[in-house]
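Colleague: Structure incoming, see below.
The values are calculated or read from the model by the stated rules, or taken from the named source; none is laboratory data. The model shown is predicted, which means the values in this text are computed figures rather than measured ones. A quick note on method: Cβ atoms are made from the backbone with ideal geometry, for glycine too, and the neighbour counts reach across all protein chains shown.
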Amino acid sequence: MKRLIATLGAALLITACSPDDPQAPAASAAAATSAWMAPPLFDAAEFADGAVIVSGRAEPGQRIVLTDQTGLAAAASADDQGAFAIRLVLGANLTLWRIDVARGAQEARTGQWLAVSAGQASAVILRAGAAARPVGPAGLLATADYDGGGLLVGGRVMPGQPVQVDLNGGPPQTVQGDEQGWIQARFAAVSPGPHRLRARGPTGEQEISLTLAAPSGDARARREGGALRIDWPTPGGAGQATWVFDPPAGSDTPSAP
């Protein structure tokens, strides 16, 4: 049975900000181009028959290349309207795909990864220096990214809408939804153990309790309460842990313009 999950976006990494894929082979010299190309936006992931079809929008004519940790690549070019779709065969519990783009002889790393959990039929976009964005409905609190020290919290509201996010009842941070409604708040020097996150916006509030633990450094995904936890290796041999929270019942993810 097919499962269609909609999203927009990009997402993650707190302290590991290298643009290189954690375990992928070395890039060719052509990948180190000085030309900047906009990264693609992934709109949907459709799981069926041991595979997932990821689709989205990019610059017309741009080629989107996904490369897994073994060097296996899949690619597609955006059509005249900027639409593209790529079919990926599902294998391990969690597969990380580096997202690159190309146009003609020019190639560029986007600094983004697509994480696909076969067991959970879930997809998440990861990006250096930004909060994870789940592929699917998202509440005021959608993700938490932890490297054993810094905590990055992401969520979704209407574009431009202000939200206050606090950790354990401390001073709240006021953040605003970007052009797609995504927010992120950063908390430094957060210790492992139980914590409480709360977000308050014009349309309501959401509170989540979670127990932070240092990432394992391995690539794996599993359920932890009302969240999907993804552990994955980062450049330099470190690790990152990402919690993707189940959206509140009846939540309605804002549409992108």
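Colleague: Considering the range 206-227 alone, what residues qualify as being of a type in the set (D, E) and at pLDDT below 95? Don't jump to the end; show me each part of the working.
Modeller: Initially, the range 206-227 is screened for residues of a type in the set (D, E), giving 207, 218, 224.
Once the filter is applied, which keeps residues that are of a type in the set (D, E) and at pLDDT below 95, the range 206-227 yields D218, E224.
Colleague: Moving on. What number of residues within the range 74-94 are free of Cβ contacts under 8 Å to residues at least 60 places away in the same chain, of a type in the set (G, A, S) and either under 30 Å from V153 (Cβ atoms) or in contact with a Pro (Cβ under 7 Å, 6 or more places away or on another chain) (or both)?
Modeller: So in the range 74-94, the residues free of Cβ contacts under 8 Å to residues at least 60 places away in the same chain come out as 74-91.
Narrowing the set further to residues that are of a type in the set (G, A, S) leaves 74-78, 82-83, 85, 91.
Keeping just the survivors that are either under 30 Å from V153 (Cβ atoms) or in contact with a Pro (Cβ under 7 Å, 6 or more places away or on another chain) (or both) gives 78, 82.
So the answer is 2.
Colleague: Another question about this same structure. Does the range 154-183 hold any residues that are part of a strand (DSSP E or B) and under 21 Å from A45 (Cα atoms), and which are they?
Modeller: Start the filter on the range 154-183 by keeping residues that are part of a strand (DSSP E or B), which leaves 154-156, 162-167, 173-176, 182-183.
Selection gives G154, G155, R156, W182.
Colleague: Right, something else. Cβ-Cβ distance below 7 Å, separation of 6 or more or different chains: which pairs start in the range 95-116 with a residue that is within 22 Å of I230 (Cα to Cα) and without any contact (Cβ under 8 Å) to a residue 40 or more places away in the chain and end on one that is in a strand (DSSP E or B) and polar (S, T, N, Q)?
Modeller: Sorted first by the residue in the range 95-116, then by its partner, the pairs are W97/T67.
Colleague: Please work out which residue is modelled with the lowest pLDDT, limiting yourself to the range 117-167 and to residues that are of a type in the set (D, E, K, R) and within 21 Å of R220 (Cβ to Cβ). Step through it out loud before you land on a result.
Modeller: Looking only at the range 117-167, we keep the residues that are of a type in the set (D, E, K, R), and these are 127, 133, 145, 147, 156, 166.
Pick out the ones that are also within 21 Å of R220 (Cβ to Cβ) and you get 127, 133, 145, 147.
Numbers: R127: 73, R133: 87, D145: 92, D147: 88.
It comes out as R127.
Colleague: Could you please find all residues in the range 187-198 being assigned to a strand (DSSP E or B) and either touching a residue at least 60 places away in the same chain (Cβ under 8 Å) or surrounded by fewer than 10 Cβ atoms within 10 Å (Cβ to Cβ) (or both)?
Modeller: Here is the first cut: in the range 187-198, the residues assigned to a strand (DSSP E or B) are 187, 193-198.
Matches in the range 187-198: G193, P194.
Colleague: So which of R196, R200 is charged (D, E, K, R), over 30 Å from P233 (Cα atoms) and at pLDDT 95 or above? So that I can check it myself, show each step before the final result.
Modeller: Details: R196 fails: over 30 Å from P233 (Cα atoms).
Of the residues listed, the single one that is charged (D, E, K, R), over 30 Å from P233 (Cα atoms) and at pLDDT 95 or above is R200.
Colleague: Let me ask something additional. If you scan the range 186-243, which residues turn out to be farther than 19 Å from P172 by Cβ and of a type in the set (S, T, N, Q)?
Modeller: Of everything in the range 186-243, those that are farther than 19 Å from P172 by Cβ and of a type in the set (S, T, N, Q) turn out to be S191, T211, S216, T234, Q240, T242.
Colleague: Is there a residue being more than 30 Å from G148 (Cα to Cα) and at pLDDT below 95 anywhere in the range 10-29? Spell out how you get there, then give the answer.
Modeller: Keep residues of the range 10-29 that are more than 30 Å from G148 (Cα to Cα), which gives 28-29.
Then keep just the ones that are at pLDDT below 95; that gives 28-29.
Scanning the range 10-29 turns up at least one residue that is more than 30 Å from G148 (Cα to Cα) and at pLDDT below 95.
Colleague: Within the range 79-88, is there a residue that is at pLDDT below 95 and in a loop (DSSP other than H, G, I, E, B)?
Modeller: Within the range 79-88 (the criterion being at pLDDT below 95 and in a loop (DSSP other than H, G, I, E, B)), the answer is no, since none of the residues qualifies.
Colleague: In the list G160, G177, which residue meets the criterion of being on the phi > 0 side of the Ramachandran plot and either surrounded by 12 or more Cβ atoms within 10 Å (Cβ to Cβ) or within 21 Å of the chain's Cα centre (by Cα) (or both)?
Modeller: Result: G160 is the single residue among G160, G177 that is on the phi > 0 side of the Ramachandran plot and either surrounded by 12 or more Cβ atoms within 10 Å (Cβ to Cβ) or within 21 Å of the chain's Cα centre (by Cα) (or both).
Colleague: Mind checking which residues of the range 160-176 are touching a residue at least 24 places away in the same chain (Cβ under 8 Å), within 17 Å of G204 (Cβ to Cβ) and of a type outside the set (A, V, I, L, M)? Talk me through it step by step, then tell me what you get.
Modeller: Going residue by residue through the range 160-176, those that are touching a residue at least 24 places away in the same chain (Cβ under 8 Å) are 161-169, 172.
Right, trim to within 17 Å of G204 (Cβ to Cβ) and you get 161-166, 172.
Correct list: Q161, P162, Q164, D166, P172.
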